[in-house]
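Shown next, in structure tokens, is the structure this report addresses.
The values are calculated or read from the model by the stated rules, or taken from the named source; none is laboratory data. The structure displayed is predicted, hence computed values, not measured ones. Reconstructed Cβ throughout: ideal geometry from the backbone, glycine too, with neighbour counts over all protein chains shown. The accessibility values were calculated without ligands, DNA or RNA, using every heavy atom of the protein model including side chains. Shrake-Rupley method; radii C 1.70, N 1.55, O 1.52, S 1.80 Å.
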Amino acid sequence: MNYYNEIKNKIIDNEVYSKVKDYSKERYKVITYFEIGKLLTEAGGKYGDNIIDEYSKKLVIEVGKKYNRRTLFRMKQFYNMFKDEKVSPLATQLTWSHYSELLSIKDINKLMYYINIAINNNLSKRELRERIKSNEYERLPIETKNKLILEDKIEVKDLVPNPILIKNRNNIEIATEKALHNLILEDIESFMKGLGNSFSFIGSEYKIKIGDRNHYIDLLLFNIKYNCYVVIELKVTEFKVEYIAQVQKYMNYIDKNVKEISNNNTVGILICKRENKFVIEYCSDDRIAVRKYELVQYNNYRM
């Protein structure tokens, strides 16, 4: 086989196709680059690793500058990433721009996580890049990572990262729950995206009445995918036992007075300045995710 001619012909075919078949050109490009990556891998095995240098010099002259060494090397990376049977069915479900963001990821479980969230949430290239940049996968609880690997059932609280990143536009000092609350409300959409997937906003300081006293839930959300209300309680101190009881009370109220029969049971997210894992282990509730928060400057965090 003349590997160079085969690669050159595929590139030319792709260039032609991209001009006349706009609706499917990205899928065709991804398939073409995968096939070229396979040819480059085979050619490298037969003629040596410097074959990419040789081919790229000729392709730049004969086809175009974008087919340089870096581009060919990424095609080879792409093939080696997706030749595995576990990930190959996903190879055409994103654009080449998306895969360019993923090529540096070596951990197969981390790779699968980002591919799946990009597909399921229709993330743009920029949104995917920011999720990776924020170390979202690394911030998932170990239990959640194990569930993803074993393909166990995932619950809404499993995908809430730790810490939760909250952007601090003006780098202000946060000393009270009210200040933290207001900071979140400045960009509630960004906050909800940072919690995971499919959250929608119901209310801030959501008023409920228990007996003859009014209480206020810091944030009440609804998760569309998991069909349940989500109670959010904010604290600017270290975790304390009584916080769990407070969230449980609010969750029970929502279950009894707000949720419909068709909704799943309410879950809670308790957000604290600091965790106390030893205390949490013995007094937590399986329905409640306890997470610490971390303030980040706006320029370093965009969702």
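Any chance you could give the angle, 0 to 90 degrees and rounded to 10, that helix 3-20 forms with the longest Cα principal axis of the chain? Once rounded, the angle reads 60 degrees. Straightening the chain between residue 10 and residue 264 buys 86.3 nm, computed as 0.36 nm per residue apart minus the Cα-Cα spacing. Counting only Cβ charges, +1 for Lys and Arg and -1 for Asp and Glu, the dipole size of the stretch 76-116 around its Cα centre is about 80 debye. Just how many % of Cα pairs in the chain lie over 36 Å apart, if you round to the nearest whole percent? In whole percent, the share of Cα-Cα pairs in the chain beyond 36 Å is 34. Percent of C-alpha pairs per 5 Å bin in the stretch 113-260, short distances first: 2, 8, 16, 20, 21, 16, 11, 5, 2, 0, 0.
Under 5 Å from the amide H of residue 288 lie the amide H atoms of 268, each residue being 5 or more positions distant or on a separate chain, with H modelled from the backbone and absent for Pro and chain starts. Between residue 162 and residue 65, residue separation times 0.36 nm minus the direct Cα-Cα distance comes to 30.6 nm. Averaged over its residues, the stretch 1-80 has an accessible area of 59 Å² per residue, based on protein heavy atoms and a 1.4 Å probe. Against the criterion of solvent-accessible heavy-atom surface with a 1.4 angstrom probe, 259, 225 sort, most first, into 225, 259. Relative to the longest principal axis of the Cα atoms of the chain, the long axis of helix 69-82 makes an angle of roughly 60 degrees.
Normalised by the number of residues in the chain, the average gap of Cα pairs under 8 Å and 6 or more apart makes the relative contact order 13 percent.
Taking Lys and Arg as +1 and Asp and Glu as -1, the other residues whose beta-carbon sits under 12 Å from that of residue 121 total +1. Leaving out ligands, DNA and RNA, what percent of the accessible area of the stretch 123-164 is carbon and sulfur, probe 1.4 Å? Of all accessible area on the stretch 123-164, carbon and sulfur atoms account for 49 percent. Extending 7 Å from the Cα toward the beta-carbon at both residue 177 and residue 151 defines two label points whose distance is 4.3 nm.
Normalise the Debye intensity by I(0) for the stretch 1-154, one equal point scatterer per Cα, no solvent, then take log10 at q = 0.12, 0.13, 0.15 Å⁻¹ and round to two decimals. Log-scaled intensity ratios, in q order: -0.57, -0.66, -0.84. In this structure residue 103 has an accessible area near 10 Å², from a 1.4 Å probe over the protein heavy atoms. Accessible surface for the stretch 192-277, divided over its residues, is 49 Å² per residue with a 1.4 Å probe. Within the chain, antiparallel bridges make up roughly 45 percent of the DSSP beta bridges whose residues both belong there.
The heavy atoms of residue 189 offer some 110 square angstrom of accessible surface to a 1.4 angstrom probe.
Only helices enter the 222 nm calculation for the chain: every DSSP H run of n ≥ 4 contributes -39,500 (n - 2.57), and dividing by all residues gives -15000 deg cm²/dmol, rounded to 500. Other residues whose C-beta falls under 12 angstrom from the C-beta of residue 104 contribute a net charge of +3, scoring Lys and Arg +1 and Asp and Glu -1.
Couplings 3J(HN,Hα) of the stretch 182-196, computed from phi: 5, 4, 5, 5, 4, 8, 5, 5, 4, 4, 5, 5, x, 6, x Hz, in residue order, whole Hz [Karplus 6.51 cos²θ - 1.76 cosθ + 1.60, θ = phi - 60°; x for Gly and Pro].
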